[in-house]
Amino acid sequence: MSGSAPAGAAATVVLGRVLGAFGIRGWIKIRPFTESPDGLLGQSVWVLSQAGAHRIVQVEEAKPHGTFVLAQLKGVDDRGQAEALRGADVTVGRDQLPAPDTGEYYWSDLIGLSVRNVNGVDLGLVTGLIAAPAHDVLRVVAGQGQDQGREQLIPFVEPILREVDLAGGCVTVDWEADY
C-alpha cells in the first residue's frame, strides 16, 4: 500500500486485522476486534493501514464466517492482491461509529491513558487491551521509577475498575503496584 494518511486518519478506530487471502478470487479474511462481526459489516468504506501507509478501500461485499469476516474489496481481484494485504489494520473514521453507551469505551480511547490505583499511586500507561474469555484486560506499562518498563495485566472489570476519566486522561483501579 502506498500514499499518505487520508485526512482525518488520526481520528480512526481499528476494527480488525487482515489475516490473509480467502480463496482465489481476491477475498480477504479478517479477525474483527469488535464484540461481534457486525461492527465491520455495516461499513462500506475502510482504511487499510499497513507499515505507516494508508489506503482507502470500497467494500463490495462482506459477510460473517464464524468468528471472522470475509470481504471482497473493489480492485482486489485475485489471491496475490488479497495476500498482499495480510497484516493490514482495518480502520474506519471515528465519525462513522456510534457513540458508546455509558460505561462502554472504544479501546482506542483507553490506549495512552494513565493508570493509578485508589491510593493515587501511578501504575503506568495503558498500552493495549486483551480480550480474555471472562473479561477484558488492560496492558499497563510502568513509565518511571524502578519498575520502568514493567508490564502489568489488570482486569478491566468491576470491582477492580473504579473510574475511567477520558477527559482527565486517567483510569483508576483497585490494584497495587506490586501485584
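Can you bin region 87-151 into rounded, prolate or oblate? Criterion: square roots of the alpha carbon gyration tensor eigenvalues sorted a ≥ b ≥ c, rounded for a/c under 1.5, prolate for a/b above b/c, oblate for the rest.
prolate
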If each DSSP helix of 4+ residues adds -39,500 (n - 2.57) and the sum is divided by the residues in the chain, what number results at 222 nm, nearest 500 deg cm²/dmol?
-1000 deg cm²/dmol
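Determine the relative contact order of the chain: mean sequence separation of Cα pairs under 8 Å and six or more apart, normalised by residue count, in whole percent.
18
Counting other beta carbons within 10 Å of each residue's own, what order do 123, 110 fall into, fewest first? Don't skip to the answer; put the middle values down first.
Values: 123 25, 110 18.
With the sparsest Cβ surroundings first, the list reads 110, 123.
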Looking only at the chain, where both bridge partners belong to it, what percent of the DSSP beta bridges are antiparallel (to the nearest 5)?
90
Potential lengthening between residue 177 and residue 111 on full extension [0.36 nm per residue; Cα-Cα distance subtracted]:
21.9 nm
Go through (1) 9, 38, 38, 12, 2, 0; (2) 9, 33, 28, 21, 8, 1; (3) 9, 27, 25, 19, 14, 5, 1, 0 and flag the label whose value is the computed P(r) over Cα pairs in 10 Å bins from 0, in percent for this structure.
(2)
Cut-off 11 Å between beta-carbons: net charge of the residues surrounding residue 118, Lys and Arg +1, Asp and Glu -1
-1
If we count other beta carbons within 10 Å of each Cβ, what is the order of 179, 106, fewest first?
179, 106
Computed about the Cα centre, the charge dipole of the chain from +1 Lys/Arg and -1 Asp/Glu charges at the Cβ has a magnitude in debye, to the nearest 20, of 840
So who's got an amide H within less than 5 Å of the one on residue 17, skipping anything under 5 residues away but keeping other chains? H placed 1.01 Å off N, in plane.
31, 33, 90
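As an exercise, find the ratio Rg/Rh for region 41-119 from alpha-carbon atoms, using the Kirkwood inverse-distance average for Rh. Provide the component values of the computation, followed by the final result.
Numbers: Rg = 16.2 Å, Rh = 15.1 Å.
My calculation of the ratio gives 1.07.
With a sphere of radius 15 Å drawn around the Cβ of residue 144, what net charge do the other residues whose Cβ falls strictly inside it have (Lys, Arg +1; Asp, Glu -1)?
Numbers: positive: 116, 150; negative: 122, 147, 151.
Every neighbour counted, the sum reads -1.
Sum up the charges of everything whose Cβ sits under 9 Å from the Cβ of residue 170, counting Lys and Arg as +1 and Asp and Glu as -1, but leave residue 170 out. Numbers along the way, then the final one.
Numbers: positive: 116; negative: 163, 165.
Residues near residue 170 contribute -1 overall.
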Could you state the number of Å between the C-alpha centres of region 108-179 and region 33-63?
29
When a footprinting reagent is the concern and you count Cβ atoms within 10 Å, what order do 45, 14 take, fewest first?
45, 14
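Longest exposed-loop-site-free stretch of the chain, with trypsin sites (Lys or Arg not before Pro), DSSP loop and at most 14 other Cβ within 10 Å?
The longest uninterrupted stretch comes out as 87-149.
Read the figures in this text as sums done on the coordinates, not as results from a lab. Keep in mind it's a predicted model, so treat the numbers as computed, not measured. Neighbour counts are summed over all protein chains in view; Cβ atoms, including those assigned to glycine, are modelled from backbone coordinates with ideal geometry.
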